[in-house]
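Input: a single structure, listed below in structure tokens.
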Amino acid sequence: MVINLRGTSGSGKSTIVRTLMQRYMVRTPNFREGRKQPVSYTCTHPDHKPLFVVGHYETACGGGDTINGLDVIYEMVNNAAERGEDVIYEGLILQSDVLRCIDTAKRFPTIVIGLNTSLDECIAGIQSRRDARGDTRPLSPKNTIAKMKTMPHQQRRLKDAGVNFKLLNRADAMVVVLEALQWS
């Protein structure tokens, strides 16, 4: 199963992934030469298929944003799915990411979950991360608002392409993720 979480900064994508990773007994970071942080993790549990997690979660801002290039992200996603592993990754709010996601969904069972977190909650999440790292610059919501405006178009394109897409709040998204990975 390939699971793609989509949402703006502060919507809860990384929180869901971190919560899921805690369920696995062993979380092995995977590194690439020249990087201090992992590019992915392989999570294992004796009662479940391995879970491949794209990106690193060593800092508050994690996931796909920590990997340079969509080609690299989708190469990792598709290779892990070909190996028979479950995969979870955060989708970037980019047009070319939608096309790659559609291609992956044609090859492997895929669920795309859009997080419908409110703008106020997203801004609060971003501010909380900034406060935690001591960033005192004023926060402008412009970028988050602009990305939120692109989401309905992306959702339509995914649905029109036949991708299993669900628009959910954080709690319901976690339930769907656990069900898809057969956690009871």
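Exposure proxy shown here: for THR66, THR28, the number of other Cβ atoms within 10 Å sets the order, fewest to most, as THR28, THR66. Extending 7 Å from Cα along the Cβ direction at GLN182 and again at LEU119 yields two label points whose distance is 4.3 nm. Plainly put, the chain has a radius of gyration that is 0.94 times its Kirkwood radius, both from alpha-carbon atoms, as the Rg/Rh ratio.
Only the Cβ atoms of Lys and Arg (+1) and of Asp and Glu (-1) were treated as charged; on that basis the dipole of the chain about its Cα centre amounts to roughly 340 debye. Highest mean packing comes first when the peptides 50-56, 82-88 are listed by Cβ atoms within 10 Å, giving 50-56, 82-88.
Proximity of backbone amide H atoms, modeled 1.01 Å from N, is registered between SER9 and no other residue at under 5 Å, excluding neighbours fewer than 5 places apart on the same chain.
Can you find, among GLN127, PRO46, ASN30, the residue farthest towards the positive end of the dipole of segment 2-180? Put +1 on the C-beta of Lys and Arg, -1 on that of Asp and Glu. Selected residue: GLN127. Here the relative contact order of the chain, from alpha carbon pairs under 8 Å that lie six or more residues apart, stands at 29 percent. Taking amide H as placed 1.01 Å from N in the peptide plane, VAL87 has its amide H under 5 Å from the amide H of VAL2, ILE3, PHE52, each at least 5 places away in sequence or on another chain. For segment 145-155, backbone phi angles converted through the Karplus equation (6.51, -1.76, 1.60; θ = phi - 60°) give residue-by-residue couplings of 4, 4, 5, 4, 5, 7, 4, x, 5, 4, 4 Hz, Gly and Pro being listed as x. If only the Cβ of Lys and Arg carry +1 and only the Cβ of Asp and Glu carry -1, the dipole of segment 91-184 around its Cα centre is close to 320 debye.
Throughout, read-outs are computed from the coordinates displayed, never taken from laboratory work. Keep in mind it's a predicted model, so treat the numbers as computed, not measured. Cβ atoms come from the backbone with ideal geometry, glycine included; neighbour counts cover every protein chain shown.
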